[in-house]
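These notes concern the structure reproduced below.
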Amino acid sequence: MDTQLTIADLASIHQLIDAAASRGAFKAAEMRAVGETYDKLTRFLEASKQQAQALAEQAQQPQGDQNA
């Protein structure tokens, strides 16, 4: 049984929270916790995306060009 979460899994959870909120699945008293979790997940996914882009750009640089 696979017990690890991937970035794709977290992106799916992000979308599920958005869909559930738009359909009124959360009570008013739960909205702060849902919103804070959603915002935290949004920041994490954005940071992960930026890190992946930086790694991809670094991999494209020629080996001898490390000062650029």
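The values are calculated or read from the model by the stated rules, or taken from the named source; none is laboratory data. Just so it is clear, the structure is predicted and the values come from calculations on it, not from any experiment. In this analysis, Cβ positions are derived from the backbone assuming ideal geometry, glycine residues included, and neighbour counts consider all displayed protein chains.
Suppose the filter is without any contact (Cβ under 8 Å) to a residue 12 or more places away in the chain and surrounded by 10 or more Cβ atoms within 10 Å (Cβ to Cβ); does Asp39 pass it? Here the answer is yes, as Asp39 does meet what is asked. For the stretch 19-36, a tally of residues being part of a loop (DSSP other than H, G, I, E, B) and either loosely packed, with under 11 Cβ neighbours inside 10 Å or touching a residue at least 40 places away in the same chain (Cβ under 8 Å) (or both) returns 3. Here Ala52 fulfils each of the conditions (1) at pLDDT below 95; (2) touching a helix residue (DSSP H, G or I) at 6+ places or on another chain (Cβ under 9 Å); (3) assigned to a loop (DSSP other than H, G, I, E, B) apart from (3).
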